[in-house]
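Visitor: Take this structure first; my questions come after.
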Amino acid sequence: MPNESLAELSTQTSSSLFLAVAPARVIRGSQVLAATVDEITRLGKRPLIIGGKHTLTTTEEFLQPLTKAKALHVEQVYYSPDCSEASLLSLRNAASQHKADVIIGVGGGKALDTAKLVAYQLDLPVVTIPTSAATCAAWTALSNVYSDDGAFLYDVGLSRCPDLLILDYDLVQTAPQRTLVAGIGDALAKWYEASVSSGSSEQSIIIAAVQQARVLRDILFQKSVAAVNEPGGTAWREVVDASVLLAGVIGGLGGAQCRTVAAHAVHNGLTHISKHATGHHSIHGEKVAFGILVQLRLEEMIQGNQLAAAARQQLLKFYLEIGLPRTLDDLGYCDATIKQLHLAAEIALNPKSDIHRLPFKVSPEQLMAAMVSTTAPIDTKDTMNRVSVRGLSGEVEE
Ligand SMILES: [Zn+2]
């Protein structure tokens, strides 16, 4: 199919033999920051800590083992307004003013993406300290760049994963529960996207990555409810490891080839609906979780894929149990106009979008139809679905 061969061609030319699988070192445990000072000192003595303004204030006490360490000359700076080109420029200036020789990112996905990209641009080592389990950004060699208003623009592949990842469970536990739930959504997407983009790969490493994604999904199905009910407990720790570390392993092994398909493309499109126009600001993994439902709905509506229909029903039940959004309303887009949804769909379908890794063509009208019907009951007469899609779009690829 044309889309598949295009995707394959681009990965063949861009991936060559380059792999950035994992951070050089991962330290995890409770109250582990004090024990990491020596490790950080090996990377540099003048760290620039980059985080969100709110995060750097709330984590002040946690960070004291670093900020008060005699061996380190620490400067802290917050990124604002987003992981955007303007923020990156001012942070590079702050780093050179401080004569920073190592960058430390503290926070969620955006703070860590910012810190990783500043370090990459300045060719400095980078340490990531996630303050939530909302994404696997602490692990991966990838940064997403947004506009100052938070609209997704592009991603940048980095030359390597972080030099050190410090996962302090006590720090992660201070984050709102919603971040862990969002992290579960983002991690689940690994399976639903990698199995579509790379499920038929013959390459050993890609097969391994896709299978890890399935294992990750199963762990999340088994342990997430317990994790959400008992923060800090054994299941909670396992789910944190799964969302922050194991999800990162899959991205590292699979590379660009098994990263994303439609779920993340839908996320990217939704970020362009202005947050001022909606009452509620949803986070990355929440939009991605919704995007998985949209992807399955597309497979169901356009391909008549009954497995996708069953998978969607299974996810709807699971989302309800742990509190992931199932509809645009749940995400806070209840007031979104048709025009805004059309814009989101067009952005999700831009020529460079990973949505084209789906083995069929999608029109903006079909994507909009999928976005507003994520909770539709299974239609066993799949021809009915095709008829309704044809009615909306007027052009269906059979
Ligand atoms: Zn993601």
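Visitor: Which of 191, 139 has the fewest other C-beta atoms within 10 Å, and how do the rest follow up to the most? Each step should come with its number before you reach the end.
Guide: Working: 191 24, 139 28.
The order, fewest Cβ neighbours first, is 191, 139.
Visitor: Distances longer than 20 Å among the Cα atoms of the range 6-175: what percent of all pairs is that?
Guide: Working: 6894 of 14365 pairs.
Every Cα pair in the range 6-175 considered, those over 20 Å come to 48 percent.
Visitor: Please list 3J(HN,Hα) in residue order for the range 231-245, calculated via the Karplus relation 6.51 cos²θ - 1.76 cosθ + 1.60 where θ = phi - 60°; whole Hz, with x for glycine and proline.
Guide: Result, rounded to whole Hz: x, x, x, 4, 4, 4, 4, 5, 6, 4, 4, 5, 6, 8, 9.
Visitor: Go through 353, 150, 267 and say which Cα lies farthest out towards the positive end of the charge dipole of the chain; charges sit on Cβ, +1 for Lys and Arg, -1 for Asp and Glu.
Guide: It is 150.
Visitor: Could I ask something else about it? Among 205, 130, 252, flag the residue with its Cα farthest along the positive direction of the charge dipole of the chain, charges on Cβ as +1 for Lys/Arg and -1 for Asp/Glu.
Guide: Going by the charge dipole, the pick is 130.
Visitor: Sticking with this structure for a sec: Amide H neighbours of residue 49 under 5 Å, counting only residues 5+ apart in sequence or on other chains, H built in-plane at 1.01 Å?
Guide: Residues meeting the criterion, in which the H sits 1.01 Å from N, are 75, 76, 77, 104.
Visitor: Run the dipole for the range 176-253 about the Cα centre, Lys and Arg Cβ at +1, Asp and Glu Cβ at -1, nothing else charged, and hand back the magnitude in debye, nearest 20. Don't skip to the end; give the middle numbers.
Guide: Values: 6 positive and 7 negative charges, 21 e Å.
Once rounded to the nearest 20, the dipole reads 100 debye.
Visitor: Please list the non-local residues whose amide H lies under 5 Å from the amide H of residue 26, H modeled 1.01 Å from N, same-chain partners needing a gap of 5 or more.
Guide: HN-HN under 5 Å from residue 26: 165.
Visitor: How large is log10 of I(q)/I(0) for the chain at q = 0.08, 0.09 Å⁻¹ when the intensity is taken from the Debye formula with one equal scatterer per alpha-carbon?
Guide: For the chain, the Cα-only Debye profile gives -0.41, -0.51.
Visitor: First check a/c for the range 111-230, with a ≥ b ≥ c the square roots of the eigenvalues of its C-alpha gyration tensor; if it is under 1.5, answer rounded, and if not, answer prolate when a/b is larger than b/c or oblate otherwise. Show your work: numbers first, answer last.
Guide: Working: a/c = 1.69, a/b = 1.11, b/c = 1.52.
Oblate shape, in that a/c is at least 1.5 and b/c is the bigger or equal ratio.
Visitor: May I pose another question? Average projected area of the Cα convex hull of the range 301-365, in nm²? Write down the numbers at each step before the final one.
Guide: Numbers: hull surface 21.6 nm².
Convex hull of Cα atoms, orientation-averaged projection: 5.4 nm².
Visitor: For the range 57-194, give the share of DSSP beta bridges that are antiparallel, in percent and rounded to the nearest 5; count only bridges with both residues there. Intermediate values should be presented prior to the final figure.
Guide: On the way: 5 of 12 bridges.
Counting only bridges with both partners in the range 57-194, antiparallel ones make up about 40 percent.
Visitor: Could you go through the range 341-356 in sequence order and give the Karplus-derived ³J(HN,Hα) for each residue, using 6.51 cos²θ - 1.76 cosθ + 1.60 with θ = phi - 60°, rounded to whole Hz, and x for Gly and Pro?
Guide: Those phi angles translate into 5, 5, 4, 4, 5, 5, 5, 4, 9, 4, x, 8, 5, 5, 4, 6 Hz.
Visitor: Antiparallel versus total DSSP beta bridges in the chain: what percent is that, nearest 5?
Guide: Details: 5 of 25 bridges.
In the chain, approximately 20 percent of DSSP beta bridges are antiparallel ones.
Visitor: Separate question: Could you give the size of the charge dipole of the chain about its Cα centre, using +1 on the Cβ of each K and R and -1 on the Cβ of each D and E, expressed in debye and rounded to the nearest 20?
Guide: Working: 33 positive and 40 negative charges, 115 e Å.
For this selection, approximately 560 debye.
Visitor: Which of the residue pairs 45/110; 317/361; 223/287; 116/352; 53/110; 70/110 have a Cα-Cα distance greater than 18 Å in the structure shown?
Guide: On the way: 45/110 25 Å; 317/361 29 Å; 223/287 22 Å; 116/352 24 Å; 53/110 12 Å; 70/110 29 Å.
Violating the 18 Å limit, Cα to Cα: 45/110; 317/361; 223/287; 116/352; 70/110.
Visitor: Each label point is 7 Å from the Cα along the Cα-to-Cβ direction; what then is the distance between the points at residue 211 and residue 64, in nm?
Guide: 4.8
Visitor: Given H placed 1.01 Å from N in the peptide plane, which residues other than close sequence neighbours of residue 82 have an amide H under 5 Å from its amide H?
Guide: Amide H neighbours of residue 82, under 5 Å, 5+ apart: 87.
Visitor: Sticking with this structure for a sec: Would you calculate a helix-derived [θ] at 222 nm for the chain, using -39,500 (n - 2.57) for each DSSP H run of n ≥ 4 and dividing by the full residue count, to the nearest 500? Each step should come with its number before you reach the end.
Guide: Numbers: 18 runs with 213 residues, N = 398.
-16500 deg cm²/dmol, from helical runs alone.
Visitor: Starting from 0 in steps of 5 Å, tell me what percent of the Cα-Cα pairs of the range 252-380 lands in each bin.
Guide: So the P(r) values, bin by bin, are 2, 11, 22, 24, 20, 14, 5, 1, 0.
None of the figures in this text is laboratory data; all of them are computed from the coordinates on show. Keep in mind the model is a prediction, meaning the values are calculated, not measured. Quick reminder, even Gly has a Cβ in these numbers, built from the backbone with ideal geometry, and neighbours come from all protein chains shown.
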